[in-house]
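Participant: Structure below; questions to follow.
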Amino acid sequence: MAFIHNGDTIGQALQLTMSLSSRPVLYPTLTCSIDLDFITTAEVDLLSISGPRPYSKKGDLEVLASISKWDTSPIPLNGLDDTVANVTGFFGDRKKELVISWKLPMFRLSQEYRCTAEGTDMNGQPVTVFETITVNTEESALDDARDAENLNPLRDRIDDLIANSSFQAEENCNAIEDQVRDLESSFALRFQDVETQVEKQRKSMSSSAETVENLDEALQDISEKLFDLQQSVTQLQQTNKDQAVVNRFLKARIPFDFSTIFKGKIYFISKTVADFKISDAAASCEAYGGYLVEIEDAEELKFVSDFVSQTGKGVRIFTGANDRKREGHFVYYHSKNPVPSSLWNDGEPNNARRSEDCSEIVQKLNDVSCGSPGKYICEIEL
């Protein structure tokens, strides 16, 4: 803490704290606060947080947000808006607080932030005090950020492809819907015509029973074709919906390798090899709307195993199956449902090292030590 003018009572009450998201460590929340309940001779007029400007490659400190007795609502400054962070706070008689919660990740290994209070001391003299804090992020997060920056041209190309794909899919769907309406109108007229002919034949008895039967069969055939066409339109609409979901994940640029859609689900494998912590992995999956994979049957096992063999060769891939609560009783981390015995490799689970409480997928499931290095696989329901 540093003091620009005389008087230290305000400085004793000033605090700057920070909290970080669990994994990866990228999204900080900064809280600048001051409590004057025990400082009867000091006043604070303004509270502010300074740090690097959003999107700036420099680390220069600039005022990012402030709150004061003249404007008791927090004010974001220097490019800090609601797409970058949430800014909240209050300016009470004795207690004041200003909070910045970042929505975008930190890309520098070391960033400095400053909490500043301006006011008057016990002698009525102007005083400015501040406290600083340095935020250190993981090296892997910086590497991902550099990779992301190098891939900007490719991202722009992906955005263009997504936009073109979505537009073309919508155009195709609209064209087919127009065709369906035309066919429905045509079929309606044909229905009326066939029904009229059948009724005439029945009333006049001028045609044979065979002719009436043929007309009924024609009517049934038209009904079946219309049903098939409606089914095709429904499938196309679902395909467009699934494509929109895939496009959303492409735009999010999540740090995973992801599969194609399988029975309304997408599977993701983490890109970084690290010592497996099942709670951290589960939290990472939940952050993107999913959970550690829970394989239910042989068909799903075949799809996931093929995806793992294509994406995670040579690396251990952890699943959500574990027996940490009761030895030998494997359940899934998210649902707590038991793991089907048919999904295990021969002789597994065997607790070979007396501490194999987690699981990996190698064609089928094996039990392994939870702290082993590897990647993990999530599933997300669309």
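Every number in this text was worked out from the coordinates using simple rules, so none of it is lab data. Quick caveat, the model's predicted, so the values are computed rather than measured. Note: ideal-geometry Cβ built from the backbone for every residue, glycine included; neighbour counts use all protein chains shown.
Participant: Could you run the Karplus curve 6.51 cos²θ - 1.76 cosθ + 1.60 with θ = phi - 60° over segment 260-273 and give me ³J(HN,Hα) per residue in whole Hz, x for Gly and Pro?
Facilitator: 6, 7, 10, 6, x, 10, 10, 10, 10, 10, 4, 8, 9, 7
Participant: What is the magnitude of the charge dipole of segment 256-381 about its Cα centre, with +1 placed on the Cβ of each Lys and Arg, -1 on the Cβ of each Asp and Glu, and no other charges, expressed in debye to the nearest 20?
Facilitator: Dipole size: approximately 280 debye.
Participant: Still on this model: Fewest first, what order do Glu327, Glu360 take by the number of other Cβ atoms within 10 Å?
Facilitator: In increasing order of surrounding Cβ atoms, one gets Glu327, Glu360.
Participant: Are any of the pairs Lys263/Lys325; Lys325/Lys364; Lys313/Lys336 more than 26 Å apart by Cα-Cα distance, and if so, which?
Facilitator: Lys263/Lys325; Lys313/Lys336
Participant: I would also like to ask the following. Given 0.36 nm per residue, what is the gain on full extension from Thr272 to Leu219 after removing their alpha carbon distance, in nm?
Facilitator: 13.0 nm
Participant: Something else now. For Phe262 and Asn345, FRET efficiency with R0 = 25 Å and r from the beta-carbon atoms, rounded to 0.05?
Facilitator: Plugging the Cβ-Cβ distance into 1/(1 + (r/R0)^6) gives 0.70.
Participant: Give me the extension gain from Lys325 to Ser369: residue separation times 0.36 nm, minus the current Cα-Cα distance, reported in nm with one decimal.
Facilitator: Taking 0.36 nm per residue and subtracting the Cα distance, the gain is 14.4 nm.
Participant: Identify all aspartates and glutamates with a Cα-Cα distance to Lys96 below 17 Å; exclude those on the same chain that are fewer than 8 residues away in sequence.
Facilitator: Asp35, Asp37, Glu43, Asp45, Asp71, Glu118, Asp121, Glu131
Participant: Between Ala283 and Thr29, what is the label-point separation in nm under the 7 Å Cα-to-beta-carbon projection?
Facilitator: 1.3
Participant: Shape verdict for segment 246-371, please, from the Cα gyration tensor: rounded (a/c under 1.5), prolate (a/b greater than b/c) or oblate.
Facilitator: In terms of gyration-tensor shape, prolate.
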